[in-house]
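Participant: Okay, here's the structure, questions in a sec.
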Amino acid sequence: MSFIRPEARVALWRWRELIVATLMLLVGLKWAFTSFGVTAATGWALVVVGLVIAVIGAQRLRFRLGAGGPGVVQVDEGQIAYFGPLTGGAVAASELQCLRLDHTAKPPHWVLEQDGQPALSIPVNAAGNEALFDVFAALPGLKTERMLSELRRQGPHQVVIWERSPSRPPLHRLH
């Protein structure tokens, strides 16, 4: 038996990083101003970590556009897979050449391009889309704030969010 309504649980889960950051900030500030020595220093460290988590959490919150879209996204060891009702496919994050946002599709789609593969289109509200934030943020030279602002823009347009520079070959790692 659950004491929290499903809608409230979904809302709390969506804001989870900011809730944790707020709690860390409050505890850290209390310890920093009411204690001495190691406890005060630990309080200031909690404040700093809470601020970092708040910034990251705010970015993730802006990335989440909801769920209920068609298909499922799965990220496993650098492999991005999309299983949709009509299409699907997989691309390796390390081999990604271009990331576009296509607002002409309904709902808008992320378009991931890899050499030698057909482009993979993933709806921005597909189940499991939150895992894409970490993959996109790890792309070298990607401007996270630009990506988030383009995600919120309206109107039928396509925009290149990130493109691998020709001088930078893809990374090949053993693990």
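Participant: So, A11, is that one without any contact (Cβ under 8 Å) to a residue 60 or more places away in the chain, among the small types (G, A, S), under 21 Å from G128 (Cβ atoms) and not in a loop (DSSP other than H, G, I, E, B) or not?
Facilitator: Working: without any contact (Cβ under 8 Å) to a residue 60 or more places away in the chain: yes; among the small types (G, A, S): yes; under 21 Å from G128 (Cβ atoms): yes; not in a loop (DSSP other than H, G, I, E, B): yes.
So A11 passes the test.
Participant: List every residue pair whose Cβ atoms sit under 6 Å apart, with the two residues 6 or more apart in sequence or on different chains, where the first one lies in the range 46-68 and is over 25 Å from E7 (Cα atoms) and the second, anywhere, is open to solvent by less than 70 Å² (accessible area, probe 1.4 Å) and outside any helix (DSSP H, G or I).
Facilitator: none
Participant: Something else about it: Would you please name the residue that is most open to solvent (accessible area, probe 1.4 Å), looking only at residues in the range 24-38 that are in a helix (DSSP H, G or I) and without any contact (Cβ under 8 Å) to a residue 12 or more places away in the chain? So that I can check it myself, show each step before the final result.
Facilitator: So the first thing to find is which residues in the range 24-38 are in a helix (DSSP H, G or I), and the list is 24-34, 38.
Checking which are without any contact (Cβ under 8 Å) to a residue 12 or more places away in the chain leaves us with 26, 33-34, 38.
On the way: L26: 108, F33: 146, T34: 90, V38: 118 Å².
Within the range 24-38, the match that is most open to solvent (accessible area, probe 1.4 Å) is F33.
Participant: Go over the candidates L132, L151, L139, L99 one by one and state the one that is open to solvent by less than 40 Å² (accessible area, probe 1.4 Å), assigned to a loop (DSSP other than H, G, I, E, B) and either touching a residue at least 40 places away in the same chain (Cβ under 8 Å) or at positive phi (or both). Step through it out loud before you land on a result.
Facilitator: On the way: L132 fails: assigned to a loop (DSSP other than H, G, I, E, B); L151 fails: assigned to a loop (DSSP other than H, G, I, E, B); L99 fails: assigned to a loop (DSSP other than H, G, I, E, B).
Answer to the check: L139.
Participant: When you scan the range 118-138, do you find a residue that is hydroxyl-bearing (S, T, Y) and in contact with a strand residue (DSSP E or B) (Cβ under 7 Å, 6 or more places away or on another chain), even just one? Walk me through it before giving the result.
Facilitator: Keep residues of the range 118-138 that are hydroxyl-bearing (S, T, Y), which gives 121.
Among the residues that remain, those that are also in contact with a strand residue (DSSP E or B) (Cβ under 7 Å, 6 or more places away or on another chain) are: 121.
Yes: the range 118-138 contains one or more residues that are hydroxyl-bearing (S, T, Y) and in contact with a strand residue (DSSP E or B) (Cβ under 7 Å, 6 or more places away or on another chain).
The values are calculated or read from the model by the stated rules, or taken from the named source; none is laboratory data. Owing to the predicted nature of the structure, the values given are computational and were not obtained by experimental measurement. Here the Cβ is made from the backbone with ideal geometry for all residues, glycine too, and neighbour counts use every protein chain on show. Surface accessibility is based on the protein's heavy atoms, side chains included, excluding ligands, DNA and RNA. Shrake-Rupley method; radii C 1.70, N 1.55, O 1.52, S 1.80 Å.
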